[in-house]
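Visitor: Have a look at the structure that comes next, please.
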Amino acid sequence: MAKNRILRGRGVLAARLDDDLKERLRAAVVDPHLLLAGKAALAAALAWTFALAIPGEASRYPYYAPLGALLAMYPTVAGTLKSGLQTVAGLTIGIVLAHIAVWAGDPDWLTIAFVVGAGVLLAGPLKRTAGGGSGIASAGLFVLVIGNENLGYSLGYFVQTVVGVGVGVAVSALILPPLNLNDAVGQMSRLRRTAARQLQEMGEALQEDWPADDPRWPERRDDLTATARNAREALQFADESRKGNLRRRFHPP
């Protein structure tokens, strides 16, 4: 009998260890940073493959497709779409600035200064473009210095970047789009526990008659404030992760 109990106990322990191992493996597979890295790598590889198949002048610049995919990638589907559109907008403005500068002649200190200065100047009103002014200026410099009067370069740069952005958005939307609901639930549970604990401590503080300048008051306040901020950010991120996410139909609010 004792031997049977020992064997059953070992079996239960082995089952628990097996469940723990599966949970850890599952957590590792769906780790947000690991998942994003894998999807970014896949998007870059696919973008390069598609870029090589594009005919015409654009086929000479396939390296801009994986760059576009990389610039677009973001943990959420909505964020990837937004980042991709910002990348294309910044590129378009940069190309326009470069061709305006080309009218003044070959690239020199004056035209380069114009493209960089105008790009950074536009960072204020157009800060939603990817990289802000630096992103616009970088795109303009590429076109001005490398492409100069070659319209084919500008077209190839633009087309391949759009291809990369499109691939990035597709990968983000179709390959394990994350729903960051568990973190939001966990942060809300932590907030409830913190609030409950502090209410209990507040009652104890009133009984013990803590003075107003007791350092424990600001400690409790800062702890609750930080916990509430983390919960709010987790809820906002979870809400963003649902936008454009095909998995949200299986996880109604």
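Visitor: For the stretch 39-77, which positions are farther than 14 Å from residue 162 by Cα, assigned to a helix (DSSP H, G or I) and open to solvent by less than 30 Å² (accessible area, probe 1.4 Å)?
Guide: If the condition is that a residue be farther than 14 Å from residue 162 by Cα, assigned to a helix (DSSP H, G or I) and open to solvent by less than 30 Å² (accessible area, probe 1.4 Å), then 39, 40, 77 are the ones that fit.
Visitor: Output yes when any residue across the stretch 156-177 is over 32 Å from the mean Cα position of the chain (by Cα), loosely packed, with under 13 Cβ neighbours inside 10 Å and more than 23 Å from residue 92 (Cα to Cα), and no when none is. Steps first, please.
Guide: Of all residues in the stretch 156-177, those over 32 Å from the mean Cα position of the chain (by Cα) come to none.
Within the stretch 156-177 (the criterion being over 32 Å from the mean Cα position of the chain (by Cα), loosely packed, with under 13 Cβ neighbours inside 10 Å and more than 23 Å from residue 92 (Cα to Cα)), the answer is no, since none of the residues qualifies.
Visitor: With respect to residue 149, is the statement that it is acidic (Asp, Glu), open to solvent by 60 Å² or more (accessible area, probe 1.4 Å) and under 20 Å from the mean Cα position of the chain (by Cα) true?
Guide: Here the answer is no, as residue 149 does not meet what is asked.
Visitor: Related question: Mind checking which helices (runs of 4 or more DSSP H) fall wholly inside the stretch 108-218 and carry at least 1 residues that are modelled with pLDDT of 80 or more, farther than 30 Å from residue 228 by Cα and touching a helix residue (DSSP H, G or I) at 6+ places or on another chain (Cβ under 6 Å)?
Guide: Filter on the stretch 108-218 gives 109-121, 132-141, 151-174.
Visitor: Please specify each residue of the stretch 178-204 satisfying the condition of being touching a residue at least 40 places away in the same chain (Cβ under 8 Å) and open to solvent by 80 Å² or more (accessible area, probe 1.4 Å).
Guide: Within the stretch 178-204, 183, 190 qualify.
The values are calculated or read from the model by the stated rules, or taken from the named source; none is laboratory data. Quick caveat, the model's predicted, so the values are computed rather than measured. Positions of Cβ are generated from backbone atoms using ideal geometry, with glycine treated the same way; all protein chains shown enter the neighbour counts. Keep in mind that these areas ignore ligands, DNA and RNA; they rest on the heavy atoms of the full protein, side chains included. Shrake-Rupley method; radii C 1.70, N 1.55, O 1.52, S 1.80 Å.
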